[in-house]
Amino acid sequence: MTTRLAGQPWLTASATRAVIAALEAAGGPGCARFVGGCVRNSLIGQPVADIDIATTLKPEDTDRAIRAAGLKAVPTGIAHGTVTAVAERRPFEITSLRRDVSTDGRKATVAFTDDWAEDAARRDFRLNALYADAAGEVFDPTGEGVADALAGRIIFVGDPETRIREDFLRILRFFRFHAWYGRGAPDPAALAACRELAPGMVRLSAERVSSELMKLLAASDPRAAMAAMAEAGVLEQILPEGQPSAAFEAAVQQETDAVVRLMLLLPADEVVVREAATRLRLSNAVRDRLAHAAAAYPAVDLSMSDREARAGLYRLGAPAFSDAVRRRRAEAPGRADEARSLLDLAGGWAPPRLPVGGRDLARLGVEPGPDTGRLLKAFEDGWIADDFPTTGHAERLAALISPPRG
C-alpha cells in the first residue's frame, strides 16, 4: 500500500517547490527526494523543523543547479556530498546519495552512488531511512521504517553493532531518538549493542557528545531513556558524575529546561560541576549557570522568609537563586507552593543598588584606603540584614565610623 504525506505546508511551500524544481531541471524528475526527519515527523504528526533532501546528483552538479535557478548555494559539506540551498531565506540541506567506503567510529569516507537502497543502508535507524518525492509519496527501502515510526520503535538499519562501529555517536542517538520518538521498552538488540560498545565513545569529541546529551534532555520526557542509558553503562561513559534520581524524575515533570534537568543529574558541588561542564565543553554560559547554581544551593532553603529571600537574591543573583530553588523543589516536590512563592519573588523583585559609596565616606572625613572597603562592607551587611532600608544612610555610616561608646 502506498503511503503519502498529506496536508504538509512545507511540502507545497513555494521555497520547497523552487529547490526541487532546480534539482529536477538538472537531474530529471525523481532525482531528488525528501529524507529523514521531515518525512518521519510528517508521518507521525510532529512539527517539521528542518527539510533535508537526498539527490542522485553529484555535489558539484547540485551546486550548479541551485545557482542556475537563481538560488543561493552554500557548500556546507561538499566533500561529504552536502550543499545547502537557501530559498526565501529558508535553508534546505541537500546531500548526494552515498555509500560508506570506510569508517573509523567517528567519521566515514564515502563514495557517491545513484542507488537509493545503498544510501538507506548507511543510515542509523529505519525510521530515519525514509524518503518522499515531491508529490509526498513515501519510499521505505528497509521495508520497516514507516511501521517503526508509527509504532514508536527505534531500530537500527541492519546489524546494530555494525552501525555503531561506523559512528559511536549512534549510541547516544539511539537513546535520544528513544526519548523523542520511542514508545515502550527500548529494542533489546540495540540496547545490548550499546552496552557492549559503550567504551568506544571515548573517541568522540566532547562537543558531539554534549550536543546529543542536551538534545536528549530537551525531550518532553527523557526519564525512561536516561534510565536505560544508566542501566546500559552509557551514562557512566559520558557523565560519570551523573545519575538519575528521584529529584531528576521530579525535575522532568516540573521543568522543560534541559539545563535544569542536567543540573539535577549532577551533584550540588561547584567543583564537580565545573569539571564536568569543562570536560563536556559546554558553553561558558551553561557551565557558569550550573556552577553558580551549585554554589548557591547551600544558601537557599524553601522555608526562607521573604526577607531572607531578598537577602539571598541580592547576594547570589536572581538566576543562581532561582536555579537553587528549582533544585530544592525537585528534591521536595511536596513543597511546590513554597518554591513557587520564592520564584515569584525572584522574578518580581529588583535588588536595589548599594546607596552609599566612597564619596559619602570622604564627606565624613574618611581618607581613601583600606578603611573605605571595610566600612562599606560593614554598611552593606547591616543594610541587607535590615531588609534594604531607603533612609538613614548617613546616620548608619556615621555610627560605623564613630561607634557609640558603651
Matching option when the condition is modelled with pLDDT of 95 or more, within 21 Å of MET201 (Cβ to Cβ) and assigned to a helix (DSSP H, G or I), among ALA276, ALA291: ALA276
Selection count where residues are open to solvent by less than 40 Å² (accessible area, probe 1.4 Å), under 23 Å from GLU161 (Cβ atoms) and either hydrophobic (A, V, I, L, M, F, W, C) or not in a helix (DSSP H, G or I) (or both), scope region 195-225: 9
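For (1) out of contact with any Ser or Thr (no Cβ under 7 Å at 6 or more places or on another chain); (2) surrounded by 18 or more Cβ atoms within 10 Å (Cβ to Cβ), each residue gets a yes or a no:
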position: VAL74; (1), (2): no, no
position: PHE125; (1), (2): yes, yes
position: ASP140; (1), (2): yes, yes
position: GLY145; (1), (2): yes, yes
position: ARG153; (1), (2): yes, yes
position: GLY158; (1), (2): yes, no
Given (1) within 28 Å of the chain's Cα centre (by Cα); (2) surrounded by 15 or more Cβ atoms within 10 Å (Cβ to Cβ); (3) of a type in the set (Lys, Arg), number of the condition ARG89 does not satisfy: (2)
Considering residues of region 358-375 that are part of a helix (DSSP H, G or I) and open to solvent by 60 Å² or more (accessible area, probe 1.4 Å) only, the residue nearest to PRO319 (Cα to Cα): ARG374
Among (1) of a type in the set (D, E, K, R); (2) open to solvent by less than 80 Å² (accessible area, probe 1.4 Å); (3) under 30 Å from ALA219 (Cβ atoms) - the single one ARG4 does not satisfy: (2)
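Output the residues belonging to region 319-357 that are open to solvent by less than 40 Å² (accessible area, probe 1.4 Å), in a helix (DSSP H, G or I) and not charged (D, E, K, R).
From region 319-357, those open to solvent by less than 40 Å² (accessible area, probe 1.4 Å) are 320-325, 327, 329-330, 332, 336, 339, 342-343, 345-346, 356-357; that's our starting set.
After this cut, where a residue has to be in a helix (DSSP H, G or I) as well, the list is 320-325, 327, 329-330, 336, 339, 342-343, 345-346.
Of everything in region 319-357, those that are open to solvent by less than 40 Å² (accessible area, probe 1.4 Å), in a helix (DSSP H, G or I) and not charged (D, E, K, R) turn out to be ALA320, PHE321, SER322, ALA324, VAL325, ALA330, ALA336, ALA339, LEU342, LEU343, LEU345, ALA346.
In region 251-285, how many are β-branched (Val, Ile, Thr) and within 15 Å of GLU212 (Cα to Cα)?
Number satisfying all stated conditions: 1.
Yes/no matrix, rows are residues, columns are (1) more than 18 Å from GLU331 (Cα to Cα); (2) polar (S, T, N, Q):
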| site | (1), (2) |
| --- | --- |
| VAL259 | no, no |
| ALA285 | yes, no |
| LEU290 | no, no |
| TYR297 | no, no |
| SER303 | no, yes |
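Just to verify a result, which residue in region 236-248, among those that are surrounded by 17 or more Cβ atoms within 10 Å (Cβ to Cβ) and in contact (Cβ under 8 Å) with a residue 24 or more places away in the chain, is nearest to ARG328 (Cα to Cα)? Show your work before the answer.
Keep residues of region 236-248 that are surrounded by 17 or more Cβ atoms within 10 Å (Cβ to Cβ), which gives 237-239, 242, 244, 247-248.
From what is left, the residues that are in contact (Cβ under 8 Å) with a residue 24 or more places away in the chain are 237-239, 242, 247-248.
Numbers: GLN237: 27, ILE238: 25, LEU239: 22, GLY242: 17, ALA247: 9, PHE248: 11 Å.
Ranking the qualifying residues of region 236-248, first place goes to ALA247.
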Residue match in region 13-23 (condition: surrounded by 22 or more Cβ atoms within 10 Å (Cβ to Cβ) and in contact with a Ser or Thr (Cβ under 8 Å, 6 or more places away or on another chain)): yes
Pair list, Cβ < 8 Å and 6+ apart or interchain, from region 130-147 residues that are within 11 Å of LEU43 (Cα to Cα) and of a type in the set (A, V, I, L, M) to residues that are in a loop (DSSP other than H, G, I, E, B) and modelled with pLDDT under 95: LEU130/GLY36; ALA132/LEU5; VAL138/THR2; VAL138/THR3; VAL138/LEU5; VAL146/THR3
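Looking for whichever is modelled with pLDDT under 95, of a type in the set (A, V, I, L, M, F, W, C), surrounded by fewer than 17 Cβ atoms within 10 Å (Cβ to Cβ) and closer than 23 Å to THR16 by Cα here; the options are ALA79, ALA111, ALA49. Which one fits? Quick ask: steps written out before the conclusion?
Working: ALA79 fails: closer than 23 Å to THR16 by Cα; ALA111 fails: closer than 23 Å to THR16 by Cα.
Exactly one of ALA79, ALA111, ALA49 is modelled with pLDDT under 95, of a type in the set (A, V, I, L, M, F, W, C), surrounded by fewer than 17 Cβ atoms within 10 Å (Cβ to Cβ) and closer than 23 Å to THR16 by Cα, namely ALA49.
The values are calculated or read from the model by the stated rules, or taken from the named source; none is laboratory data. What you see is a predicted model, and the numbers here were worked out from it, not measured in a lab. As a convention, Cβ positions derive from the backbone with ideal geometry for all residues, glycine included, and neighbour counts pool all protein chains shown. Ligands, DNA and RNA are excluded from the accessible area calculation, which covers all protein heavy atoms including side chains. Shrake-Rupley method; radii C 1.70, N 1.55, O 1.52, S 1.80 Å.
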